[in-house]
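Novice: Encoded as structure tokens, here's the structure I'll be asking about.
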Amino acid sequence: MAALPFASDDGPGRRATLGLVVLKTDETIEGDFRAFVPPDGIALYNTRIPFETTVTKETLARMEHDLSESVGLFPESAPFDVIGYGCTSGSAVIGEDRIAARIRSVYPETKTTNPLSATKAALAAVGASRIAVVTPYVADVSETLRVRLAEAGFETITIASFEQIEDAAVARITPHSIYEALVSTAAQEPVDAIFVSCTSLRTADVIAPAEEKLGIPVISSNQALAWHMMRLAGLNDAPAPLGKLGSV
């Protein structure tokens, strides 16, 4: 049988190829990324990393050991521009440099990021230094995040939490509840921006109305990570769900 003729091109990632490491328990980030990352010419590949059902400093720290193996499950032939690790609290507990080192042990030439690094970049890009923070975490995880932001020069004026330990429960917090939490938390003290942390919180439909109500930038883990990955890949896309962050 004769082989059929065919032509080749640059593959699905004509403009950029992105890799996203998703927690086994995360039910949200992939849906949010479909809103934040345009499909035209951008290839987005996901891999999963083992994670326990509860979000504690101990379970988050244990993820580090599986990171290189999970990254190794990406398609080897794909020319990745950026690989992102999709866990904000995990980034705060494990450490941004250690996460980058794990990814680069498999893809040494690829740019890397995570929601904490992305959030720092996003807050700087919108000119924010005094911030309010909304999290779903138990107290010691929220405090670790606050400390990491402070180390980067961001002063958390107000912090509020849904105080949930189960990742599945976080994914079921309604977008309206997130919106109401943003509005009530930002109203407590004047701030430059508000950050809603956790890739399991559904924020794609919340950012624009919250910004309209509050008049300040709203930054979320998934939005910041998607934006940072695109900017690191040299893309200037600004889909509406990115909100004010899309303009920078």
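Since every read-out is calculated from the coordinates, none of them should be taken as a lab result. As the structure is a computational prediction, the values presented were derived from the model and not from experiment. With ideal geometry, Cβ positions are generated from the backbone for all residues, glycine too; neighbour counts draw on all protein chains shown.
Novice: Need one number: the % of Cα-Cα pairs in segment 20-85 sitting beyond the 13 Å mark.
Specialist: In whole percent, the long-distance tail amounts to 67.
Novice: Here's another thing I want to ask about it. At a threshold of 8 angstrom on Cα-Cα distance, excluding pairs fewer than six apart, so keeping six or more, what relative contact order does the chain reach in percent?
Specialist: Taking the mean separation of contacting Cα pairs over the length of the chain, I get 23 percent.
Novice: Antiparallel as a % of all DSSP beta bridges within the chain, to the nearest 5?
Specialist: Of all bridge pairs located within the chain, approximately 5 percent are antiparallel.
Novice: Between V248 and H65, what is the label-to-label distance in nm when each label sits 7 Å out along the Cα-to-Cβ direction?
Specialist: Between V248 and H65, the simple spin-label model gives 3.9 nm.
Novice: With springs connecting C-alpha atoms under 10 Å apart, model the chain as a Gaussian network and identify which of S77, S177, S117 has the largest mean-square fluctuation.
Specialist: S77
Novice: Could you give the nm distance between label points at N46 and E163, where each point is 7 Å from its Cα heading toward the beta carbon?
Specialist: 3.1 nm
Novice: With a Förster radius of 35 Å, plug the Cβ-Cβ distance of K24 and A2 into 1/(1 + (r/R0)^6) and report the FRET value to the nearest 0.05.
Specialist: Working from the Cβ atoms, E equals 0.15.
Novice: Quick one: which of 103-111, 20-28, 236-244, 130-138 comes out on top by average Cβ neighbours within 10 Å, and what's the full order, highest first?
Specialist: Ranked by mean Cβ neighbours within 10 Å, highest first: 130-138, 20-28, 236-244, 103-111.
Novice: Follow-up question, since we're still on this one. Using r as the Cβ-Cβ distance of E180 and S129, and R0 as 22 Å, what FRET efficiency do you calculate, to the nearest 0.05?
Specialist: The calculated FRET efficiency here is 0.30.
Novice: Turning to a different aspect of this structure: Taking 0.36 nm per residue of separation and subtracting the Cα-Cα distance, what length does fully extending R172 through T144 add?
Specialist: Value of the extension gain: 7.7 nm.
Novice: Given the peptides 59-69, 198-208, arrange them by the average over their residues of other C-beta atoms within 10 Å, most packed first.
Specialist: Taking the mean over residues of other Cβ atoms within 10 Å, the ranking is 198-208, 59-69.
Novice: Given only helices, namely DSSP H runs of n ≥ 4 each adding -39500 (n - 2.57), what is the per-residue ellipticity at 222 nm of the chain, to the nearest 500 deg cm²/dmol?
Specialist: Taken over the chain, the calculation gives -11500 deg cm²/dmol.
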